[in-house]
1. Over segment 4-168, consider all pairs of different Cα atoms and compute the Kirkwood hydrodynamic radius from their mean reciprocal separation; express it in Å, one decimal.
2. In Å and whole numbers, how far do the C-alpha atoms of segment 13-107 stretch along each principal axis, longest first?
3. As a footprinting exposure proxy, order Asp205, Asp292, Asp313 by other Cβ within 10 Å, with the fewest listed first.
4. Taking the simple approach of a point 7 Å from Cα along Cα-to-Cβ for both Ala239 and Thr33, what is their distance in nm?
5. Could you give the length gained on full extension between Gln26 and Ala312, defined as 0.36 nm per residue of separation minus the Cα-Cα distance, in nm?
6. Can you return the lysines within cross-link range of Lys70? Criterion is Cα-Cα under 17 Å, with same-chain partners fewer than 8 residues away left out.
7. For the pair Val148 and Ser42, what calculated FRET efficiency results from E = 1/(1 + (r/R0)^6), where r is the Cβ-Cβ distance and R0 = 35 Å, to the nearest 0.05?
8. On a full-extension model of 0.36 nm per residue, what is the gain between Leu204 and Asn78, subtracting their alpha-carbon distance, rounded to one decimal in nm?
Amino acid sequence: MPDQDAYSRAGVDIDAGNRAVALMKQAVRSTFTPAVLSDVGSFGGLFDASELAAMVQPVLVASTDGVGTKTRVAARMNRWGTVGQDLVNHCINDILVQGAKPLFFLDYIASSKLEAEQAAAIVEGMALACRAAGCALLGGETAEMPGVYASGEVDLAGTIVGAVERYSLLTGSKIEAGDAILGLPSTGLHTNGFSLARAALDNLDWEEPLESLGGRGIGEALLAVHRSYLGPARALRAAGVDIHGLAHITGGGVIENLPRILLHGLSAHIARGVWPEPPIFALIQSRSSAEDREMFRVFNMGLGMLAVVPRADQDRALAALPGECYAVGEVVQGDGSVHIEGIN
């Protein structure tokens with residue numbers, strides 16, 4: 001058995017890892033559904049897949065992602081609970097665009113030196129988001145890696161697995177010219193663009209409440225939790241809206257994410273000014289050299305998810321999500337590009 005004192009001197013504290021797991025247990029167990037067959041600490045998470053047998057043609061949908069340098073913001077503010085929610089919700093949205101409901105989630109937390117309370121706060125945030133989505137936090141890894149990560153750095157990533165009937169897959173194949181594009185608002189940056197945001201805002205006081213941010217400080221605005229669009233998507237379906245496609249607006253912004261669901265020969269026209277843009281974006285732009293087009297390539301600019309629906313379903317969709325859904329554009333014939341009024 002390794003000498004733990006020597007291992008600690010090398011930079012790895014096994015006791016801190018055990019303490020972190022102990023602090024996480026209750027939060028993780030709170031996400032367990034009847035399908036979870038294992039407990040915290042198992043080598044592998046066990047998930048009963050028998051419910052898939054009730055499906056006609058079940059398709060598993062999986063995604064892995066991270067929160068980027070938003071962890072730097074969490075470190076500066078010493079607030080760690082929100083980035084766990086960010087990670088789960090980001091992954092939920094990534095599989096939602098193909099029509100999948102989440103089944104279980106796995107996390108990875110790594111740092112140069114493990115702080116048990118910090119890791120537990122992150123996992124508690126993950127558990128909060130998983131419970132809200134009916135998704136099990138099935139397992140994960142907490143790694144202490146001195147020499148790989150710089151002092152004070154935290155890396156955060158997660159993997160989600162969901163399922164959808166093959167006949168219900170959203171592939172964008174139904175999208176056609178004339179379809180309406182609806183915008184579901186974001187809370188702010190979500191999990192993309194933080195390197196630019198931090199560079200632009202670094203020298204400002206992040207704690208001071210700003211009138212331009214509605215009385216919030218910069219740190220609070222940057223840490224606004226990445227929304228899950230699982231609920232709004234379900235509300236649209238319940239209202240009888242025929243969703244032709246969904247685009248999660250992440251890295252690459254509106255300009256690069258919306259074309260991912262457009263078939264050859266189609267483009268999109270977006271009318272800027274018809275949805276609320278969180279004021280944090282204007283502050284970032286005023287403190288940087290970013291032009292409007294770059295802002296729409298880096299950030300979501302207030303559009304966290306775009307839904308493409310038949311024009312005939314637009315009013316039904318808006319009524320299903322009052323104040324939470326905006327008619328922002330339409331699909332047109334074109335070369336796959338996105339045209340945003342006033343910037344290109």
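What follows is calculated from the coordinates using simple rules that are stated; it is not laboratory data. Just so we're clear, the structure is a prediction, and the values are computed from it rather than from any experiment. Counting neighbours? That spans all protein chains shown, and the Cβs are built from the backbone with ideal geometry, glycine included.
1. It works out to 16.5 Å.
2. 48, 30, 19
3. Asp205, Asp292, Asp313
4. 2.5 nm
5. 98.2 nm
6. none
7. For R0 = 35 Å, the calculated efficiency reads 0.85.
8. That works out to 43.7 nm of additional length.
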